[in-house]
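The values are calculated or read from the model by the stated rules, or taken from the named source; none is laboratory data. None of the values given here were measured: they were computed from a predicted structure. Note that each Cβ is placed from the backbone with ideal geometry, even for glycine, and that neighbours are counted across all protein chains shown.
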Amino acid sequence: MARTRATTPGRSRTRAVLKVLADSGGVAALRPEEFGIAARDLSWGPYADNLLRANRPQFQALDLSAELVTRPGEISATVRAGGIAGAVPLRAPHTGRVAGGIVVRPRYGWDDIGALLSAIGWAAAPQLLAFPLVPGSAREVPPWVLAGPVLRRFVALLQEVSRGFRMAEETRPRPRGTVLWARYAREQLPRGRPHAVPCRFPDLGADANLRAYLRWGLEQLRRSLLPWVGADRIARSLVDEVDALLSGLTDVVARLPSHAALNELLRDRALSSAALAGGVEALGWLVDERGLAGRNDSDGLAWRLTMHELFERWVEHLTGVWAAGFGGTLTADRRDATTIPIRWQRPWTGSLSSLRPDVVVQTRDAVFIFDAKYKPHMEALDGEHGATDEAMRAEHRHDVHQVLAYAAAFDAPRVTAALVYPMRAERWQALAPSGRTVDLADVVTGGRSMRLARVAVPLRFPSGGAARDIAVTFGRLREDAESL
């Protein structure tokens, strides 16, 4: 249930507003009465600039474009989604307090995005943001969106604990490590125990306190996911993973950490690391009972997921499955392995310094370049979906020029440059059996011939299928290259 908020005197009471829109073009109107501002003409009037100023950081975090439209006697406001999914709070322009929120969902839907993230090892996991809670957003987001990243942090921290060490303190008959002389003089000598030497030394093994806190955190995460295991297979797989981790923590009793204890871990632990900082921060969220996945109809954490990065990782995964079938060698931009430097004779600041195709697959005599584009072009360019506008055609021409520039940098007997676009799962499944998810064209320039391809992939698995059932459609690229 959305929270109600009392507004300033003379203004109406209002419920927190939650705007839900699709990425890459979804639009939502922001109305003054939704923020408790009573305006006779339903116009933002003097609050317009304050609205943008109060929410600029949140809009920037989700790549939201805010627009004020002025008409005679009226100022209206809208926000348009870019290519980032997520959730951020909205602040009221007259109080600065959180009055609602915006949730941007993937335009291709949530179905199987969780399975996709799991398949790519959460390589493009949602990023949690340092904003206040987003009222009512938890009911709009599948449970794994936030539980998945939190669990990844716990896994990384458990690995660090397992292979790390802690600083132990112990009173010993012989010195070890650093002798705590102040304690020795204060505690042992007055008692006539000169042989009892207090020492601090690195001790291999797990930190018992930290393991107890992690057990508590995993149990909280499990409890939040349990209501969804019957209907959401990613929630079910996450619970299975949590259970496996808990089975390795049976030697400790779950303990609720305080913020003071968590801060102490960060200050005093000998083996500090990014994994420790990330895991302790996630424990802090659970201690605060901030809205994580599984808290239906409640406020949720602010987060973002850059959809083009997710799509690039998905294409990398699919091409990897495909290349493994015939022994192709895959390199990826994510690993800085596809960079092609551009060496200007007279370089200047801001100039393009390299070409970076997303994925390159090579065999002994063929090269396949893949450039992932999170754009609706493949569906729009499909003849059965009608004509495209000039702006989209111009953008597609730019994509073609870019991937051909990548292809020109490779010297191989057979070169195929492929633009990969997303497609709705239902449409993809209808076209894939007839090979219509791959379009090919010849490009001949300077006596050199290469293939240009447009490839469509869904952002979900085929019904009852797996990644290999999508990757197999790439086979047409190799068959075509071998025919050259």
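General observations
- The range 405-430: number of residues that are assigned to a helix (DSSP H, G or I) and touching a residue at least 24 places away in the same chain (Cβ under 8 Å): 7
- Under the condition of being surrounded by fewer than 11 Cβ atoms within 10 Å (Cβ to Cβ) and in contact with a Phe, Trp or Tyr (Cβ under 8 Å, 6 or more places away or on another chain), the residues counted in the range 226-253 number 0.
- So Val443, is it hydrophobic (A, V, I, L, M, F, W, C), at pLDDT below 90 and over 31 Å from the mean Cα position of the chain (by Cα): yes
A quick yes/no check of all residues on (1) modelled with pLDDT of 95 or more; (2) of a type in the set (Gly, Ala, Ser); (3) more than 30 Å from Ala125 (Cα to Cα); (4) surrounded by 21 or more Cβ atoms within 10 Å (Cβ to Cβ):
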site: Pro9; (1), (2), (3), (4): no, no, yes, no
site: Ala16; (1), (2), (3), (4): no, yes, no, yes
site: Gly25; (1), (2), (3), (4): no, yes, no, no
site: Glu33; (1), (2), (3), (4): no, no, yes, no
site: Leu62; (1), (2), (3), (4): yes, no, no, yes
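- The range 310-354, residues that are of a type in the set (Gly, Ala, Ser) and in contact with an Asp or Glu (Cβ under 9 Å, 6 or more places away or on another chain): Ala332
- Residue tally, condition closer than 21 Å to Val403 by Cβ and in a loop (DSSP other than H, G, I, E, B), over the range 323-361: 12
- Meets criteria (in contact with a Pro (Cβ under 6 Å, 6 or more places away or on another chain), outside the structural domain of Arg223 (by TED's automatic domain parsing) and within 22 Å of Phe461 (Cα to Cα)) for Pro89: no
- Residues of the range 93-116 that are in contact with a Pro (Cβ under 9 Å, 6 or more places away or on another chain), at pLDDT 80 or above, surrounded by 23 or more Cβ atoms within 10 Å (Cβ to Cβ) and under 16 Å from Val145 (Cβ atoms): Gly101, Ile102.
- Some residue of the range 157-173 being assigned to a helix (DSSP H, G or I), in contact with a helix residue (DSSP H, G or I) (Cβ under 9 Å, 6 or more places away or on another chain) and closer than 30 Å to Glu379 by Cα: no
- Long-range neighbours under 9 Å by Cβ, at least six apart or interchain, first residue in the same structural domain as Arg427 (by TED's automatic domain parsing) and under 11 Å from Ala418 (Cβ atoms) within the range 470-484, second at pLDDT below 90 and of a type in the set (Gly, Ala, Ser): Arg476/Gly435
- Scanning the range 191-200 turns up at least one residue that is buried (at least 19 other Cβ atoms within 10 Å of the Cβ), modelled with pLDDT of 90 or more and at negative phi.
- Qualifying residue in the range 169-183 (condition: surrounded by 15 or more Cβ atoms within 10 Å (Cβ to Cβ), of a type in the set (A, V, I, L, M, F, W, C) and within 20 Å of Asp23 (Cα to Cα)): no
- Boolean, Leu68 is buried (at least 20 other Cβ atoms within 10 Å of the Cβ) and touching a residue at least 24 places away in the same chain (Cβ under 8 Å): no
- Pairs with Cβ under 9 Å, 6+ apart, first in the range 374-400 and assigned by TED's automatic domain parsing to the domain that holds Asp23 and surrounded by 10 or more Cβ atoms within 10 Å (Cβ to Cβ), second modelled with pLDDT under 60 and among the basic types (Lys, Arg): none
- In the range 214-237, residue modelled with the lowest pLDDT [restricted to those that are among the aliphatic types (A, V, I, L, M) and within 22 Å of Ala277 (Cα to Cα)]: Leu221
- Verdict on Thr416 being buried (at least 17 other Cβ atoms within 10 Å of the Cβ), touching a Ser or Thr at 6+ places or on another chain (Cβ under 8 Å) and polar (S, T, N, Q): no
- Yes/no for Gly83 being small (Gly, Ala, Ser), touching a His at 6+ places or on another chain (Cβ under 8 Å) and outside the structural domain of Val321 (by TED's automatic domain parsing): yes
- Some residue of the range 141-163 being hydroxyl-bearing (Ser, Thr, Tyr) and in contact with a Pro (Cβ under 6 Å, 6 or more places away or on another chain): no
- Of all the numbered requirements in (1) in a strand (DSSP E or B); (2) more than 15 Å from the chain's Cα centre (by Cα); (3) not hydroxyl-bearing (Ser, Thr, Tyr), Val103 misses one, and that requirement is (2).
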